[in-house]
Amino acid sequence: SCQKIWKRMRLGFVAVVAVLLVTAVVDGFSFTVKPRHAILSQTSLVLQRTRLAAASNADAEELESSTFAKNALTVASAAASLAGKIVVVKYGGNAMTSPSLSLSFCQDVAALQKLGIKVVVVHGGGPQINNMLDRVGIESTWQGGMRVSSAEVVEVAEMVLCGTVNKKIANGICSAGGRAIGISGRDDNLLQCTKQVDKNGYDLGYVGKVDTVNTRLLTQMLDIGVTPVVAPIGTGIGDEKNIAYNVNADVAAG
């Protein structure tokens, strides 16, 4: 009947609104802002499908709505279970060198914040350090899978990680609608380190082993809704307090 067809068409328009507003719950909480022409194209496609469904297949429409609802409930349930919890994310590898992946990461962190999840980001930056070492003509070597960090290497690593890399990530999260502040392990004695000794006896230079973490600083930032973005450069302890240590990002995040 005409009344049934109108009801299905009305559901179609609701679906269009859902496409525009709920794109955010796709692809691992990744919020994606689409160009205007893409939205119009997608809207047209949804309307075409709606007309076909209204004319011939109400059951398929009901099944699609049911599937969407179940997926939305699954996402909501997962988010609810993590709301108020602290999640530490190690960010590195290819995700840092790809502009699209970097954008998606920052959008994901902002989305998790909006869902009430407290996120701490610990990042690496090996490729960026290598590029800068090449530019300034400083050689670095590796032993046992670890970078041997001379005083010169650590100086470059601190400049790169605590400067460009760290601030770019924090700014990206803020641009995506979140709140973030970039800090290093030397700020407020966040990562207090001792010299790491390789299990095979290699001298790794100023590579740090995290001994103590100032969790109070992280908690204070998280409690006011700010994500700490941590560059893995630690500080020494006691008489070595003025020494900067290069810390593996995986170890720092752990």
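The values are calculated or read from the model by the stated rules, or taken from the named source; none is laboratory data. All figures in this text were calculated on a predicted structure; none of them were measured in a lab. Note: ideal-geometry Cβ built from the backbone for every residue, glycine included; neighbour counts use all protein chains shown. Just the protein is used for accessible areas: all its heavy atoms, side chains included, with ligands, DNA and RNA removed. Shrake-Rupley method; radii C 1.70, N 1.55, O 1.52, S 1.80 Å.
Just a few scattered comments:
- Verdict on LYS241 being of a type in the set (D, E, K, R) and over 26 Å from the mean Cα position of the chain (by Cα): yes
- Residue count, the stretch 84-113 (criterion: among the polar types (S, T, N, Q) and touching a Gly at 6+ places or on another chain (Cβ under 9 Å)): 4
- GLU139 meets all of the listed conditions (1) surrounded by 15 or more Cβ atoms within 10 Å (Cβ to Cβ); (2) touching a helix residue (DSSP H, G or I) at 6+ places or on another chain (Cβ under 8 Å) but one, namely (1).
- Selection count, the stretch 180-236, where residues are open to solvent by 80 Å² or more (accessible area, probe 1.4 Å), of a type in the set (A, V, I, L, M, F, W, C) and either farther than 26 Å from VAL109 by Cα or in a loop (DSSP other than H, G, I, E, B) (or both): 2
- Some residue of the stretch 156-166 being open to solvent by 50 Å² or more (accessible area, probe 1.4 Å), within 23 Å of ASN242 (Cα to Cα) and of a type in the set (S, T, N, Q): yes
- Among the residues of the stretch 90-102, the ones that are crowded, with 16+ Cβ neighbours inside 10 Å and not small (Gly, Ala, Ser) come to 3 in all.
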